[in-house]
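What follows is a short report on a single structure.
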Amino acid sequence: SRTGNSGNAKVKVDIPITVVPGKNTIDLLSLTVGLQNYGAFFDLSGAGITGPVKLNGLSNGSSIDLSSQQWTYQVGLKGEDSGLPSGSSSEWVSQPALPKNQPLIWYKTNFDAPTGNDPVALDFMGMGKGEAWINGQSIGRYWPAYIASNSGCTDSCDYRGPYSANKCRKNCGKPSQQLYHVPRSWLKPSGNILVLFEEMGGDPTQLAFATRKMGSLCSHVSDSHPLPMDMWGLDSKTIRASNPTLSLSCPSPNQVISSIKFASFGTPLGTCGSFSHGRCSSAKAHSIVQKVCVGSTSCSIDVSTKTLGDPCKGVKKSLAVEVSCA
């Protein structure tokens, strides 16, 4: 098998086969994630097996192009159709030893939920590529075997100027994603079912849960941001009178916003955990955010000079906030 990527989408592979006299059947499996292109005409690039399919090595040294032969096309997995993701199918078989590094295989196990209320994720390091289900709910496709290039990362990051995909690269040589979120609302205290469909081959004994404590909540919204999506359907007069909104919500329903670590309206700098005031900063922002947010599970603030004052006329302004939940 071969794997394409954004820089080399079309790949060629030679597969040794054995044929018998008379009719032979050829099955080709394509595991397609995403498309080669985006925007206009993305459908012209194709995905999966786009051909040609040739039979090489005939007795006279010639080859036959099988592309014009009649092919059938089947989408999906038999395991999905028979209900394997739910974990309740009668087709599951226990084995003395867990198969490892085997492609196209289903796994199932039972587990207890991690204690506490902190966000939960599954660490998929050791696995190849596939999809995972928790109690019948898909948490998405995983692909930790896809490793980023070892080159191109820099210690400094500056997005100024024309955009380029090579700007501000990080995590060189690491998987594109390692942790996959599992919503707490999908978990029971015990008796949870995890089902995996592994396409490339991996070691499920390396799977582990990870929890993360939420030290801070942050948001940074400018006065030129679009309105919240739930307002897009309102009449034009209401939309013109409305402003962008900064919203914060604690991750757990039994938590409230306990303190404001940082609040600045004007030209704040930095990122979550390292915000700082810019040359322009409203003196009212911190007290307004504190009054609206502290003691509440969630809060929303209009990002406008009418709400927060105008510390520097004629300058595009934004509101940056960092809070703690307890």
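Selection of region 66-96 for residues being farther than 26 Å from Leu28 by Cβ and open to solvent by 70 Å² or more (accessible area, probe 1.4 Å) yields Ser88, Ser90, Val93, Ser94, Gln95, Pro96.
Residues in region 170-194 that are under 17 Å from the mean Cα position of the chain (by Cα), touching a residue at least 60 places away in the same chain (Cβ under 8 Å) and surrounded by 15 or more Cβ atoms within 10 Å (Cβ to Cβ): Val182 only.
Scanning region 91-117 for residues that are among the β-branched types (Val, Ile, Thr) and touching an Asp or Glu at 6+ places or on another chain (Cβ under 9 Å) gives a single hit, Ile105. Beta carbons closer than 9 Å, at least 6 apart along the sequence or on distinct chains, pair a first residue in region 241-253 that is farther than 25 Å from Ser224 by Cα and open to solvent by 30 Å² or more (accessible area, probe 1.4 Å) with a second that is of a type in the set (A, V, I, L, M) and at pLDDT below 90 for Pro251/Met214. In the set (1) under 25 Å from Gln206 (Cα atoms); (2) in contact with a helix residue (DSSP H, G or I) (Cβ under 8 Å, 6 or more places away or on another chain), Leu31 fails one condition alone, (2).
Checking region 137-148 against the condition returns no match, with no residue being more than 30 Å from Gln255 (Cβ to Cβ), among the charged types (D, E, K, R) and surrounded by fewer than 12 Cβ atoms within 10 Å (Cβ to Cβ).
Per-residue answers, yes or no, for (1) touching a Lys or Arg at 6+ places or on another chain (Cβ under 6 Å); (2) in the same structural domain as Met127 (by the TED database); (3) open to solvent by less than 100 Å² (accessible area, probe 1.4 Å):
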| residue | (1), (2), (3) |
| --- | --- |
| Pro21 | no, no, no |
| Ile26 | no, no, yes |
| Gly48 | no, no, yes |
| Val53 | no, no, yes |
| Ser59 | no, no, no |
| Ser63 | yes, no, yes |
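If you scan region 257-305, which residues turn out to be within 26 Å of Val120 (Cα to Cα), surrounded by fewer than 17 Cβ atoms within 10 Å (Cβ to Cβ) and β-branched (Val, Ile, Thr)? Hits for region 257-305 are Thr271, Val294, Thr297.
Picking from residues in region 195-237 that are among the acidic types (Asp, Glu) and under 30 Å from Thr115 (Cβ atoms), the one that is surrounded by the most Cβ atoms within 10 Å (Cβ to Cβ) is Glu198. Every condition in (1) in the same structural domain as Ser258 (by the TED database); (2) more than 26 Å from Ser298 (Cβ to Cβ) holds for Gly233 except the one numbered (2). Of all residues in region 276-302, those being touching a residue at least 24 places away in the same chain (Cβ under 8 Å) and farther than 21 Å from Cys325 by Cβ number 7.
The values are calculated or read from the model by the stated rules, or taken from the named source; none is laboratory data. A quick note: this is a predicted structure, and the numbers were derived from the prediction, not measured. When we count neighbours, we look across all protein chains shown, and the Cβ atoms used for this are built from the backbone with ideal geometry, even at glycine. For the accessible areas, the whole protein counts, side chains as well, though only heavy atoms, and no ligand, DNA or RNA atoms are used. Shrake-Rupley method; radii C 1.70, N 1.55, O 1.52, S 1.80 Å.
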